[in-house]
Amino acid sequence: MKLIAGILLLAVSVSTIAATVKVTSFKYVRNAGDAVHPLAELCGVVDGATSAPTFVKVLVDKAKNPAVYNTVAGTEGDFCVAVITYRGSAEVTVFGENAGVEAFAK
């Protein structure tokens, strides 16, 4: 009975470990004098991922004309993706996790 209780406790404690995602940069990619170009680069890192590869979902311009981009975090948890954004906002989440973060382009 103690063995079963120990296994259940271990399973619950392992399942509560969640990945967290952090946006490290979100910047427009513009040439000199080009103030309206919508291309941006979003980079970040995933900490505490339970599996490799870790899939990352980026939802751009959620309020109006949303677009979804998917990318894969590297073995160190880092990722970068080029996106088109007219509003400069993005929501980044890890597939299968409740971890998420909102970012705004500079």
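Read the figures in this text as sums done on the coordinates, not as results from a lab. Since we're looking at a predicted model, the values are computed, not measured. Virtual Cβ from ideal backbone geometry, glycine too; neighbours counted across all protein chains shown.
Counting other beta carbons within 10 Å of each residue's own, what order do THR54, THR75 fall into, fewest first? Don't skip to the end; give the middle numbers.
Numbers: THR54 22, THR75 9.
Fewest to most other Cβ atoms nearby, the residues stand as THR75, THR54.
Exposure proxy check: PHE55, PHE79 ranked by fewest other beta carbons within 10 Å?
PHE55, PHE79
Compute the FRET efficiency between SER25 and ALA52 as 1/(1 + (r/R0)^6), taking r as their Cβ-Cβ distance and R0 = 30 Å, and round to the nearest 0.05. Show your work: numbers first, answer last.
Values: r = 23 Å, r/R0 = 0.77.
Step by step, r from the Cβ atoms, then E = 0.85.
For a quick check: sort GLU41, GLU76 by the number of other beta carbons within 10 angstrom, fewest at the front.
GLU76, GLU41
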